[in-house]
1. If you take the beta carbon distance between VAL32 and SER151 as r and set R0 to 56 Å, what does 1/(1 + (r/R0)^6) give as a FRET efficiency, to the nearest 0.05?
2. What residues of the stretch 267-305 lie in the reach of a label at THR140, counting those whose backbone N is under 17 Å from a point 7 Å from the Cα along Cα→Cβ?
3. In the structure displayed, which of LYS212/LYS249; LYS212/LYS283; LYS96/LYS241; LYS221/LYS283 lie more than 31 Å apart, Cα to Cα?
4. Karplus couplings for the stretch 133-147 from phi (6.51 cos²θ - 1.76 cosθ + 1.60, θ = phi - 60°), rounded to Hz, Gly and Pro as x?
5. Could you give each residue of the stretch 204-210 its phi-based ³J(HN,Hα) in whole Hz, using Karplus coefficients 6.51, -1.76, 1.60 with θ = phi - 60°, and x for Gly or Pro?
6. What spacing in nm lies between the two simple spin-label points modelled at ILE203 and ASP81, each 7 Å away from Cα in the Cβ direction?
7. Add -39500 (n - 2.57) for each DSSP H run of 4 or more in the chain, then divide by its residues: what number comes out at 222 nm, to the nearest 500 deg cm²/dmol?
8. Students often forget the sequence filter, so: which aspartates and glutamates lie under 20 Å Cα-Cα from LYS306 once same-chain residues fewer than 8 apart are removed?
Amino acid sequence: MTKIKSENPYFCQNVTQTMKNALSWIFVLFLVVSLLNNCLNNTVQKEIRQKNDFIANLRKLYSSGDYSSWPKPVLDPESLDTFSEIGHLPETDFPKDNLHSEDKVFLGKVLFFDPRLSKSNQIACASCHDPELGWCDNRTFSFGHDRQLGSRNAMTILNVAYARSLFWDGRAGSLEEQSQIPIQDEREMGEHIDIAAGKIAKIKGYEILFEKAFGDKTVTKDRISKAIATFESTVKSSQSKFDQFIDGKSDIYTDDEVVGLHLFRTKAQCMNCHNSGYFSNNKFENIGTSLLGERGEDLGRFLITKNPEDAGKFRVPSLRETARTGLGCITDLCRP
């Protein structure tokens, strides 16, 4: 019988060579992947180091207390004339005809919380400016006398001493003027200011308060408005995280907060409207919240000035205390 060979030597050699070639390619591929991965890791690590160095430098600059060393803000040309660098709130500047006194502040505070200034004897200034709600009411539309809904929300009175005009449309030029308007507004407190003053004058407990604040017991609408305005001027923010950071407490901000501050001042251009220690330029802007031509339209500043260019403009609110003031941090037309 013919003996059949169990193996083909040429076949075995080909298989062996193929396996060697495959292993060689696998090794080459492994080397390439390793090199690419190493390069990628080095690139990523370099980018991380650069990012960390960038943030560390920003942290050092912004927490230095030296505003001149801060990166230059990015501003629109029309904002240059009114721009003021962000920072601490300055000292309150009281008007010469209504100077500050602790007795006047106390009287103003009592009046601010007294519902007897209203027609129903149920609504006080504090009804819409609740200290536990950031000195506003966190409602889309505030309501007043006979539960009537207003067309706007109540702005917070926090730091209101730094506002150059009052109300969303700027119709009051001073706190003294502003304090009388809600008392007389039919949809707010609904009382005539002279009648309100007459009611307060009949309350014996007020006699000594007016005497301490103004020198005699006479109660007038002007004294009521001056006392309330003086009290409102003292409602100020305590030192914020931002204030502590720029004063040198550099570790109080996270990296994201440091970058956010930098973007706020530069690329995002928030500083055009929200600048100074008050974080507002005290101007009026149209950001598309007036619902022009729609249900619920509010022409804003135009209703006061009658200037077509002011249609849809509202006062730029302060960004201080936005975590507490809710709707008070944006325009009054925060529709559902």
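1. Values: r = 69 Å, r/R0 = 1.23.
The formula returns an efficiency of 0.25 here.
2. Under 17 Å, as judged by backbone N against the label point of THR140, lie 289-292, 294-298 of the stretch 267-305.
3. On the way: LYS212/LYS249 42 Å; LYS212/LYS283 37 Å; LYS96/LYS241 33 Å; LYS221/LYS283 29 Å.
From LYS212/LYS249; LYS212/LYS283; LYS96/LYS241; LYS221/LYS283, over 31 Å: LYS212/LYS249; LYS212/LYS283; LYS96/LYS241.
4. 10, x, 6, 9, 10, 6, 10, 5, 10, 6, 10, x, 4, 6, 6
5. 4, x, 7, 4, 5, 5, 5
6. It works out to 4.6 nm between the two label points.
7. Values: 11 runs with 136 residues, N = 336.
Result for the chain: -12500 deg cm²/dmol, rounded to the nearest 500.
8. Output for LYS306: ASP169, GLU285, GLU294, GLU297, ASP298, ASP332.
The values are calculated or read from the model by the stated rules, or taken from the named source; none is laboratory data. All of these numbers come straight from a predicted model, not from anything done at the bench. FYI the Cβ positions are ideal-geometry reconstructions off the backbone, even for glycines, and counts take in every protein chain you see. Keep in mind that these areas ignore ligands, DNA and RNA; they rest on the heavy atoms of the full protein, side chains included. Shrake-Rupley method; radii C 1.70, N 1.55, O 1.52, S 1.80 Å.
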